[in-house]
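To start, the structure itself, in structure tokens.
Any read-out appearing in this document is the output of simple, stated calculations on the displayed coordinates, not a laboratory observation. None of the values given here were measured: they were computed from a predicted structure. Ideal geometry is used to build each Cβ from the backbone, glycine not excepted, and the neighbour counts take in all protein chains shown.
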Amino acid sequence: MAGPILVFDSGVGGLSVVQALRRRLPEAALVYACDNAMLPYGHRGDAWLVQRIRVVCEAAVAASGCSALVVACNTASTLALDVLRECLSIPVVGTVPAIKPAARMSLTRHIGLLATSATVSRPYTLQLIEDFAADCRVTRVAADILVTEAERLVVGEPPDQATLRQALSPLWDDPELDTVVLGCTHFPLLGPWLVDAAPHQVAWVDSGDAIARRVAQVVPALAPRQGDEPSLVTARDVRLGRGLATFGFAAPRLLQLV
Ligand code: DGL
């Protein structure tokens, strides 16, 4: 029998991928899981993270009975996709920075990558740049503070516009830069605020729709969506529960890790 699609992130960032999945597959049942006890992932060591992501994803897959796992986190995907595919027997769809579409779109051949400090310097990311944007200048900007701002937004606090402006400022040294990759799933949640904080118009590119398309390809049978959908967390947080409810998720259950 077909199970739901499990969407996993360190925190609320995967909700931007949930939005993309619901646009493309509105009838599909979803489960949301986040490792909020260990958020943010962006500063953590690689070996620790690989082990943690494996343990949390294995537990969430078992608890949800899902048919596919979407790793809705660039920081996790650029590090742990191979390990997850080895230890899980269901399709695993990852999230990687949208360098390829951004390089296709850029007219000036100068693009920005806005992501966590881990993602901007991962070998996986550098390889993507070499493979798909070799003829572009790519300005990589670590903006971990935007993870905090997106977390605040989902629990009902408006983002701090001065913080956003400061986080984005290294992108604007060259006025020719015309395309910005949102290489962290938290950042699309801040979309209108990012547009406001930019000094001129640029194209903002994220991976949400590409992930939804990939899920539609690799998941043969989708379980139908019914009412509020389950969510799983690694630490109790009443405010997060209220935030998840605004995205159509039921009160979170605490995930038991082994
Ligand atoms: N949402 C995650 C990503 O796409 C990262 C957030 C974190 O640092 O935990 O990279």
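So here's what we get for this one:
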item	result
³J(HN,Hα), Karplus 6.51/-1.76/1.60, whole Hz, each residue of the stretch 25-30, x for Gly, Pro	10, x, 8, 7, 6, 10
Surface/4 of the Cα convex hull for the chain, nm²	12.8 nm²
Structure-based [θ]222 nm, the chain - -39500 (n - 2.57) summed over DSSP H runs of at least 4, per residue, nearest 500	-12500 deg cm²/dmol
Built amide H within the under 5 Å cut-off of ASP35, gap 5+	ASP9, SER10, GLY11
Amide H partners (placed H, <5 Å) of GLU229, local residues excluded	PHE249, ALA250
Dipole magnitude (debye, nearest 20) for the stretch 4-75, charges at Cβ of Lys, Arg, Asp, Glu	140 debye
On Cα atoms only, tilt of 74-87 relative to the major axis of the chain in degrees	40 degrees
Gain in span if fully extended, GLN166 to MET105, counting 0.36 nm per residue against the direct Cα distance	19.4 nm
Integer Hz, Karplus 6.51/-1.76/1.60 couplings in order for the stretch 247-257, x for Gly and Pro	9, x, 10, 6, 3, x, 9, 7, 7, 8, 9
Distance histogram for the stretch 108-198 (every C-alpha pair counted, 10 angstrom bins, percent rounded to whole numbers)	17, 50, 27, 6, 0
Solvent-free Debye scattering, log10 I(q)/I(0), computed from the Cα coordinates of the stretch 153-209 at q = 0.16, 0.17, 0.21 Å⁻¹	-0.49, -0.56, -0.84
Percentage of interatomic Cα-Cα distances in the stretch 1-106 larger than 19 Å	42 percent
Signed unit charges on C-beta, dipole axis of the stretch 182-233, positive-most listed residue VAL215, PRO192, ALA203	VAL215
Amide H contacts of VAL181 (H built 1.01 Å from N, under 5 Å, at least 5 apart or other chain)	GLY112, LEU113, LEU114, VAL205
Alpha carbon convex hull of the stretch 195-234, volume per residue in cubic angstrom	171 Å³
Scattering curve values for the stretch 137-258, log₁₀ I(q)/I(0), Debye with Cα scatterers, q = 0.14, 0.20, 0.22 Å⁻¹	-0.79, -1.18, -1.27
Dipole in debye (nearest 20) - the stretch 83-234, about Cα centre, beta carbon charges: Lys, Arg +1; Asp, Glu -1	460 debye
Sorted largest first, extent of the stretch 64-128 alpha carbons per principal axis (Å)	46, 21, 17
Dimensionless Rg/Rh of the stretch 30-177 - Kirkwood Rh, Rg from C-alpha atoms	1.00
